[in-house]
Amino acid sequence: MKFPILTTILLAPITAMILIMLVKETQTKLIKTLALVGSGISFVLSAYLVCTFDFQHPSFQWTEQFFTVPGWGIQFLLAVDGLSIPLLLLTSIIMVSGVLVTQRLTFRVKEYFALLLFLVSGAYGVLLSMDMFFFFLFYEVAVIPMFLLVNVWGSGNKVYAANKLTLYLLAGSALVLFGFFILYFKSGLYSFDLKALLDGNIHFDAGTQKWLFILFLIGFGTLAATWPFHSWSPDGYASAPTAASMLHAAVLKTLGAYGILRVAIPLFPEGAKYWQPLMLALGTINILYAAFCVIAQKDLKYIVGYSCVSHMGVVMLGIGTLTQTGFNGAMFQMFSHGIMVALLFACVGYVYDTKHTRNIEELGGLFKEMPRLSIFFILAGLTALGLPGLSGFVAEFLVIYSTYTVSPIYGTLALAGLVLSAIYILRVVKRAFWGVPAGVVSVGKGHGHDQGPILAGEDLNWSMSIPNYLLFSFLLVLGIYPKLFTDFVMQTTALLLKGF
Amino acid sequence: MWFYAIETILTVAAIFFFASSLRRDLNVEALEKFASVCGAVVLASAVLSFGFRGIFFAGTYEMDAFSQFVKLILALGYFIALLISRNIHDIEGKYRPEYFLFLTTATLGMTVLVSAKDLITLYTGLELSSYSLYLLIPMRKHDNASIEAAIKYLIIGIASTGVMIYGFSLLFGLTQTTYLNEIAAKLPGLIHLHVFWVAFFLSVVAFLFKLSLFPLHAWAPDVYEGGNAQTVGFISTVSKVAGLAVFIRFVMMAGHDNRVLEGVWISLAIASMTLGNLSALIQGDMKRLLAYSSIAQAGYLLVGVLCLNDKGLSAAMFYAAVYVVMNFAAFFVVTQISEGGKNVSISQFRGLSSRSPLLALVLMLALFSLAGVPPLAGFTGKWFLFTAAVSSGFKVVAMIAIINSVISLYYYLVIIKEAYTSPDQGAYIQPLVLSPVSRLFCFAVILVLAVAGFFPGILMPLAAKSVSMFFG
């Protein structure tokens, strides 16, 4: 029997979580080491999957199957393909850097890392599960730890944000849940086996495809923060502690888009064609609307949060083109945006810990005080505005290019949105990072200072910037040599289009 | 003798509790300890007699796969009820033996109820359990609300039993027998008669009452508010499961292809879920809220039953089993928070996470499980229920049920939010210290909810096996 890599990826964070719960509260060093080891194992194994990926074989690989529930079509089936492997790698990178970023945490350390590991195991579960029961189970696993992380360690209007987030996510996923039941019934398989469903060449009639597609589009779209169901996400990020914001913005949102690509597109090609104008419109509205929202924000976390919503619009637009280039671009954007937004949140969290404020009007001259941190923020910001040479440019280029082939109007509008992103990023950089250092600022309220006490004005030291280097290296490498990534997803995205 | 292990032990325990109620110098603490051990013994005997099969007392009493599975759930509920019945503040020490006595006879009545294959035996079991419960409600001290609740419970209960007896008499008139098997054998000649279906519906009214399904739900909020939390927890779980079991037996007696009353069940299920959830949204008292939530939960259970196939029934039994654990866990938290046994309003949950993180976690998991949030047992149970409904063709019912679980999430979330909000200055900041038994119970609840949620392959085959006998 071969080594069960996929199960190990899933179990490593869960095992670390259980071990952490058994450790004494005061042994914070051990707890942090356990968290790092748990997420590190998943990272190494995901990297191994990337290296050993079989490019000739676009369908599922590494299939593992364990127990089943007889008579109900439920089984614990894990498999990966070109869609899930990059996102697995993304999740593990974010998790490792999230743990590294929070090394200085002092408040209720044990529960914090246990919940963070639980959260990430949910993300791994969604990406690995090829059974709809477990897919949905893991899809929702994130809700409980997220609720607690925001409520206990969050800052600002955290109770409101936690409730809003939970209600939105569960309302959205209720549609997905219903959709899965219909699939179980209508496919004639009477099984929740997603792999069999995708491999099985099952054709649904056009009417069914239309309404099922919109069901999944709204259901998954809520998690992907698609307009008009996006408003939970900036509130949620703004209140969540740093590592949770990183994971949520980079990974959980991506899972929504992943769900659309995984389930809705290959199963309902006619539905996708029917709703294509809607997807293009929603994607464009997302880009433009969220970009205008960013310009009005003063809180650094809200700025990053809304820019994240705006960037998810690019993903939606890429999916909406229903072309292979568009899908590649969407996948590229998911990966690159995930890394970038994690880097931004890591920097913002650090700024909040040192300056006790995130209001850009109270900040200023950060570059003089903390040059190393500022460089990372600015580089991530430049990725966000699509500077050539960094990965954001490649993703946006692919998506906008393919949008032009489908609809020049939406292409132009989306391009305008990207100009807006340059405006808001440069505005933040000018206000917060250049200029004269601000004087004494108000003392922060609540917990929220999740990276622990840091002296005012202290810059990132060498060891604390490891996660930032790690994240930035991906932005740079993929920006210079995007073929590394596109080779990966190309086979699989071609497969998605076979029904068209 | 071994076949009646559960019934015998319950009877012996009842006699013991009765005897101790006669003593003047009663050691309440020792009695409570004994009660917990007694609950554990009953649970163990239910596990041991799980495989027993047999027909007794001239065919009136049968141990079959279904009855043994239900008895296992009943014994589990009984055990939990006795375990969390330590230091009850709102029942005086001198009434404590009676309290345990009536809990025991109620459980005994329910075990008779689920094994009865004869209308008379069934009626005896039903009344034994019902009267014990009627007596438990007014035992609470402090106020007259419990008396009012008891009278409401008694009147509605007796009225519904009366209707049931009328239904039984019609059934007897139609078939000249009181044996369920013989009634079932004579069905082919009866199912065309309207009067049979009227008799059938009237016969199950008492079980709809036990399940607190619409339109026989109105007693629940007042009784839950008036009774003490442990008793009410027992009524909302164990009594409900017993009612569900007999209801399933009756529905299956009429046969799974006779769907005359399907429309009735569908409307009752939808009305119970919707009414329960919408009313729960505006409640301020925790037990009242749990009453409305349990009305809604009964609606979910009915969704499984109305499928009338093995999938639906096994889903309902699975959900019933996990429902006992999660609902009792919610009531357990109420008993711990309650000050001197008084009712708990939702605002009193404020700051629970800083008073006792473990209790707050149990509350959160229990309520999320009731709402159906993965990866908890309640989610998996609902998944089975809704799968069964969709694959049996009840797509609209499943959709309404899913919408209802999203609605329900809101009021559960309000409680959880209070528990995780920092406390105000002043009251309720003192830490809550849990006894070792309570801590153990908390860990057990967390474990059960997680394991039953993640690994449905353990419990589901048992539930499926218990109902497979209805489908030959």
Task: Cα gyration tensor, the range B:72-200 - rounded (a/c under 1.5), prolate or oblate - done: prolate
Task: Leading residue at positive end of dipole, the range B:50-164 (Cβ point charges), from B:Thr60, B:Ala159, B:Ser85 - done: B:Ser85
Open item on the list: Within 10 Å of each candidate Cβ there may be at most 11 other Cβ atoms; applying that plus a DSSP loop requirement, which GluC sites (Glu not before Pro) in the range A:316-401 survive?
Closed with: A:Glu361
Open item on the list: Using only Cα atoms and rounding to the nearest 10 degrees, what angle (0 to 90) does helix B:377-391 make with the longest principal axis of chain B?
Closed with: 30 degrees
Open item on the list: Can you show me the helix-derived [θ] at 222 nm for chain A, built from DSSP H runs with n ≥ 4 at -39,500 (n - 2.57) apiece and divided by the number of residues, rounded to the nearest 500.
Closed with: -22500 deg cm²/dmol
Task: Extension gain, B:Leu193 back to B:Thr177 (0.36 nm per residue minus Cα-Cα distance, nm) - done: 4.0 nm
Open item on the list: With an 8 Å Cα cut-off and a minimum separation of 6 or more residues, compute the relative contact order for chain A in percent.
Closed with: 17 percent
Task: the range B:163-230: radius of gyration over Cα atoms, expressed as a fraction of 2.2 N^0.38 Å - done: 1.44
Open item on the list: I want to check the label-to-label distance for B:Thr8 and A:Lys2. Put each point 7 Å from Cα in the C-beta direction and report it in nm to one decimal.
Closed with: 5.7 nm
- [ ] Please give every one of the lysines within straight-line cross-link reach of B:Lys33, meaning a C-alpha to C-alpha distance under 26 Å, and leave out same-chain neighbours fewer than 8 residues apart.
- [x] B:Lys71, B:Lys94, B:Lys141, B:Lys342
- [ ] Express the relative contact order of chain B as a whole percentage, based on alpha carbon pairs under 8 Å and six or more residues apart in sequence.
- [x] 14 percent
Open item on the list: With an 8 Å Cα cut-off and a minimum separation of 6 or more residues, compute the relative contact order for the range B:330-433 in percent.
Closed with: 41 percent
- [ ] Report, as a whole number in µm² per second, the diffusion coefficient that Stokes-Einstein gives for the range B:261-472 at 10 °C and 1.306 mPa s using the Kirkwood radius over alpha carbon pairs.
- [x] 90 µm²/s
- [ ] Could you give the size of the charge dipole of the protein assembly as shown about its Cα centre, using +1 on the Cβ of each K and R and -1 on the Cβ of each D and E, expressed in debye and rounded to the nearest 20?
- [x] 820 debye
Task: Radius of gyration and Dmax over the Cα atoms of chain B, both given in Å - done: 21.1, 72
Open item on the list: In the protein assembly as shown, if the dipole is taken from +1 on Lys/Arg beta carbons and -1 on Asp/Glu beta carbons about the Cα centre, which of B:Leu133, A:Tyr112, A:Val315 is farthest to the positive end?
Closed with: A:Tyr112
Task: Size of chain A as Cα extents on the principal axes (Å, biggest first) - done: 67, 56, 40
- [ ] Please get the size of the charge dipole for chain A, origin at its Cα centre, with Cβ charges of +1 on Lys and Arg and -1 on Asp and Glu, quoted in debye to the nearest 20.
- [x] 700 debye
- [ ] Using the Cα centre as the reference, give the magnitude of the dipole from point charges on the C-beta atoms of the range B:319-458 (Lys, Arg: +1; Asp, Glu: -1; all else neutral), rounded to the nearest 20 debye.
- [x] 120 debye
Task: Qualifying lysines (Cα of each under 22 Å from Cα of B:Lys186; at least 8 residues distant if same chain) - done: B:Lys117
Task: Cα gyration tensor shape for the protein assembly as shown, rounded if a/c is under 1.5, else prolate or oblate - done: prolate
Open item on the list: Counting only other residues whose beta carbon sits under 12 Å from that of A:Phe332, what net charge do I get with K and R as +1, D and E as -1?
Closed with: -1
- [ ] Kindly put A:Ile5, B:Ile158 in sequence by how many other C-beta atoms sit within 10 Å of each C-beta, fewest to most.
- [x] B:Ile158, A:Ile5
Task: Cβ-defined net charge surrounding A:Thr8, 12 Å radius [Lys, Arg +1; Asp, Glu -1] - done: 0
TODO: List the lysines whose Cα lies under 29 Å from the Cα of A:Lys32, skipping any in the same chain that are fewer than 8 positions away.
DONE: A:Lys24, A:Lys110, A:Lys158, A:Lys253, A:Lys301, A:Lys355, A:Lys445, B:Lys417
Open item on the list: I'd like the orientation of helix A:276-296 relative to chain A: the angle between its Cα long axis and the longest Cα principal axis, in ° from 0 to 90, rounded to 10.
Closed with: 10 degrees
Task: Residues in the range A:364-380 reached by a label modelled at A:Trp462 [backbone nitrogen below 17 Å; 7 Å Cα→Cβ] - done: A:372-373
TODO: Give me the angle, in degrees from 0 to 90, between the Cα long axis of helix B:240-253 and the longest principal axis of the Cα atoms of chain B, rounded to the nearest 10.
DONE: 10 degrees
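The numbers here are math on the coordinates, done by the rules we state, and not lab data. Model, not experiment: these values are computed from the prediction. Because the Cβ atoms are built from the backbone with ideal geometry, glycine has one as well, and the counts that use them run over all protein chains shown.
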